[in-house]
Every structure is written in C-alpha cells, then in structure tokens.
Amino acid sequence: MDVVNAEQARIAEEAGACAVMALERVPADIRAEGGVARMSDPRMIKEIVDAVTIPVMAKVRIGHFVEAQILQAIGVDYIDESEVLTPADEEHHINKHNFKVPYVCGARNLGEALRRISEGAAMIRTKGEAGTGNVVEAVRHERAVMAEIRRASSMGEEELYAFAKDIQAPFHLLKETARLKRLPVVNFAAGGIATPADAALMMHLGCDGVFVGSGIFHSGDPAKRARAIVQAVTHYNNPKILAEVSEDLGPAMVGMTIDKLKGGEYAKRGW
Amino acid sequence: MAPSNIDTTVIIGILALQGAFAEHQTAIQQLALPRKVDVLLVRTADELARCKALIIPGGESTTIALLARLSGLLDPLREFIKVKPVWGTCAGAILLAKSVHGAKRGGQELLGGMSITIARNGWGSQVESFEADLEVTGMKDPGRPFTGVFIRAPVVLTLEPAPEDPPIQVISRLSPSLLPCSLTSSNSTNEPRTFVALRQGLHFLTTFHPELTRDNRFHEYFVRECVIPSISTPRP
C-alpha cells in the first residue's frame, strides 16, 4: 500500500498490508500537481521504516541508479524502479544485478517483463495506469502477459526462438517461463486498483498479490477499505466473502476515465 | 482404530491467507510417500476441518494473524494445534511461538503450540537476508547440507517447555558466526539463537524457507515424522 507518512503506514500495517510503499506524493497527486517526480526524502522514508514492522519499499526513477544506491544505503527492503516517477534515462534501466536489495519493476507485456527480469528484477507488477483509480490498463497488461505465456507454453523450441526475437525477450527466460506456465518471479497487480472487486479481479487473471496506491488514502474510509482489499486478495475466489467485505466502505477514490490516455500515459515509460 | 483409515488419503492443509503457500503445495506434491497425500489450501474453518495436518507458510505474521481473525480461523486454528501436527516456516514459526519480541505496535496475535519465545526479523532489513548451509542429521541423506534460505527471518530466543510439555528437539542449527551481531551473546552451539529447526511433540518449526529450494527433505521429514505417525496411532 502507498503511504506518505508514518501515520498512514501504521494504518496500512493494522489493516493487514504485507508491505508499504513510502513516497512523498501518491500517484494521483503526482498526476494532479505535475512537475518532475523524484525519489522521496530519505528522512521521511526512515520515519516510515521505524514506524512499522512490515517491509518498506520506495520508488526510484527509471534508470536512476544513484537514487537506488541511496535507498539501499538507508535500508529499504525493496526498490520499485517506477514509471510513476519522471524517467531519468530514456534508454537504459538500472542494472539491478549490481544491487543486493531486490527490485520490482512494471511491465505491460511478457517481453517487457522478461527484459526487466534479465536486468535483475526479483518481482514484476503490471504498470496499470497509476493514480487513476481505473483498473482497465492493469487488466490489459495482465491479460497480455498471461496470453503470451499461454502461447509460449504450447510452442516448440524453434518457435520459441522466433517468439523471443519477436517480443525482444531473452530466450532462456522465455523458455523457463513457457515450462513453468507463469512468470519465473512473483507477479503483482498495480495501477488503478480501487476496490476489493478490482483486487479480486486481478488475482483471477493470474496475479500473486496486489499493490494499492492512491486507492486507499484517496477514499472516504482508508482503514476500512485497506482491510477489505487485504481480505479480497486472500478470498478472491469466494464471492460471498467479497460481498461482505465490499459493504459500506464509503466513497471510493473518484477515479478517471482513460479515453484520452488509452494505452496509458505513465505506462508508456520504460523500454 | 479401524484399518480402513490406513487406506484413505491424508489431507495436508496449507494455510493460504498470505505468503508462500503455493511453493509448499508444489513441494508436498513432489514427495514420494508411503501414503497417498493430498494438499488443500486452507482459507476457511470448513477447509481446516478436513485436514489431518497443517503447514503455516512464510509471509508476514501480522497479515496472516489479522486475516485468520477476520476469516474466523483463530480459534479453530488454536484447537487444531492442540491435537494435530502443524509445521510453521518463518512467519508460520512466529505464529507457533508462545511469545514474540519485535511485535508491531500494540502487539500481535499468535497461535501458540510450541514453548518458545521468538524475535521477529532478527537480522534487519531485506538486504540482510542470506542463504546458509545447514546440517540435517535426522533427515534423508544427512551428509548433504541443506541450503537454508533466511528472509527477514525470526530468531529463537529461549526454549521454555513446561514440565508437562513434550520435550523440544533441535533438528538443525546455524553456525554461531552467522548470527546477527546485535544478538550474539555467546559462541556456544547450544545457544537457542542458533536453533533454526525445532520439533516439539507433533509440531515442527523452521525459521527459514525450505519451500524456496528444490530440496524437499524438510517436507519429507514433516510428513514422515510428524504427520503419518499421528494418523497411524490410535487416539483414545
């Protein structure tokens, strides 16, 4: 769950979050305020680390390996090399093998996911379209990844060589993915998840867990909504429990339609 | 007990509220066992009631405990632990402890079952996670070390079995040199902080993640030593 201070981090921990993302502005505010979005103040991240017992993540700009060195030095648990911040490099992502701290990276399709894994990402998430409260792009990305995995797993080796070239993915990772019939790393949903039903939908599509950003603290009752989304991820396959936890949550974040941003605005960042 | 019980499938539950339950499922399914074993992912009290044994996976102990409470599973789990074999890995080991250090503010709920005190997150942040070779004397192929994967792992602080409790048996130890500096009090191999796998009665605890390796000797041990004997022995 995205949090901007120690108090929100405590609410997230009490609601059952298994990690928090420490950042100065949630994506909806970055979108509204504009300007260059950068790594957060290390002091603010450390305050959040001290406030909770669960792991703390923080974001760096795409390609900005010095921001990442700083986060590793202050002891964050995971780094998100994120398209939500303004990219620092329009050609290169961080060589994540040079770090001990694990990374999560966004992807819109299988090729992008496997390129990030080959650079050293330990976790993949959909990009979705952060800060919109609209799940449509996250659905597009997860469906794309899973459809390509299903295609790859029915291919012969010669076809896999051609497919790897096609989607610009390293062959050995594509072959491993085809064998496993899933990404070889943990795969999260992110970007636009605002309700328990959104979270459950992403789990059905093949995700292992869910990031909720602006959807919690831009809603009417953050503690209650956070707890409901935590339960929805566990019980995604049980509509009766989903109905119970979806009741009486107060207003969801307002959200945006994506007609003008079709295919995503932030999601196009990353190469 | 009626011999028909011998032929039926043994259902081993894996608590699937949060964490590494899928990896445990794969490991159990790959075992070659004398009894037919099925895995059931447990998210409700009804599912728990069908199980003969339970694995509580790694994850976040705060998240798992909260979800257990919200799913109406806390009391059924505590009752289950009184009579059936349970194995806790990492966060699961924390939940099986009698008391915990480093709980979240305001404290956190535990299930109990093993007479130990445990500290959460003994080594620090994620970058302090590590792998270490462990000796596994009571397992298959004991000459081959087991790769222990320690991720924000807990540390056993003290063993406190009451006179009526079953004795606690140390199954595997970590070299004292690998203990976090903040926790090293002596170099003795009988220091509880070096204990990374323990057995007490029906229960089994590992502070590391055997499900994240391809070596399934710990899974085999749990089923062979804890689960199968508990089923074959007639209960009064």
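The values are calculated or read from the model by the stated rules, or taken from the named source; none is laboratory data. Predicted model, so just to flag it, every value in this text is computed and none were measured. All Cβ positions, glycine included, derive from the backbone under ideal geometry; neighbour counts span all protein chains shown.
Under the condition of being crowded, with 24+ Cβ neighbours inside 10 Å, small (Gly, Ala, Ser) and within 13 Å of A:MET1 (Cα to Cα), the residues counted in the range A:188-225 number 9.
When the range B:64-80 is examined, which residues are found to be out of contact with any helix residue (DSSP H, G or I) (no Cβ under 7 Å at 6 or more places or on another chain) and either within 11 Å of chain A (Cβ to nearest Cβ) or buried (at least 22 other Cβ atoms within 10 Å of the Cβ) (or both)?
B:LEU66, B:ARG69, B:SER71
A:GLN8 falls short on exactly one of the conditions (1) more than 22 Å from B:ARG105 (Cβ to Cβ); (2) at pLDDT 95 or above; (3) more than 11 Å from every other protein chain (Cβ to nearest Cβ), and that condition is (1). Taking the range B:1-74 and the helices (runs of 4 or more DSSP H) fully enclosed by it, the elements with 2 or more residues that are among the hydroxyl-bearing types (Ser, Thr, Tyr) are at B:61-70. Go through (1) farther than 22 Å from A:GLY191 by Cα; (2) surrounded by 24 or more Cβ atoms within 10 Å (Cβ to Cβ) and name the single condition A:ILE70 misses. Result: A:ILE70 passes all but (2).
Comparison of A:LEU85, A:LEU71 shows that the only residue that is more than 24 Å from A:GLN231 (Cβ to Cβ) and in a helix (DSSP H, G or I) is A:LEU71. Scanning the range A:233-271 for residues that are aliphatic (A, V, I, L, M), within 11 Å of chain B (Cβ to nearest Cβ) and under 19 Å from the mean Cα position of the chain (by Cα) yields a single hit, A:VAL233. If you check A:ASP208, A:ASP248 for being closer than 20 Å to A:LYS127 by Cα and out of contact with any Gly (no Cβ under 8 Å at 6 or more places or on another chain), only one passes: A:ASP208. Taken as a whole, the range A:12-32 holds no residue that is more than 13 Å from chain B (Cβ to nearest Cβ), out of contact with any Ser or Thr (no Cβ under 9 Å at 6 or more places or on another chain) and assigned to a loop (DSSP other than H, G, I, E, B).
Scanning the range A:45-55 for residues that are more than 11 Å from chain B (Cβ to nearest Cβ) and either under 21 Å from the mean Cα position of the chain (by Cα) or surrounded by fewer than 11 Cβ atoms within 10 Å (Cβ to Cβ) (or both) yields a total of 2.
Among the numbered conditions (1) more than 14 Å from every other protein chain (Cβ to nearest Cβ); (2) surrounded by fewer than 17 Cβ atoms within 10 Å (Cβ to Cβ), the only one that B:MET139 does not meet is (2).
Considering the range B:120-133, and only residues there that are away from chain A (no Cβ under 11 Å) and either of a type outside the set (A, V, I, L, M, F, W, C) or in contact with a His (Cβ under 7 Å, 6 or more places away or on another chain) (or both), the residue that is surrounded by the most Cβ atoms within 10 Å (Cβ to Cβ) turns out to be B:GLY122. The residue list B:MET139, B:MET114 contains one member that is under 28 Å from B:ILE11 (Cβ atoms) and in contact with a Ser or Thr (Cβ under 9 Å, 6 or more places away or on another chain), which is B:MET139.
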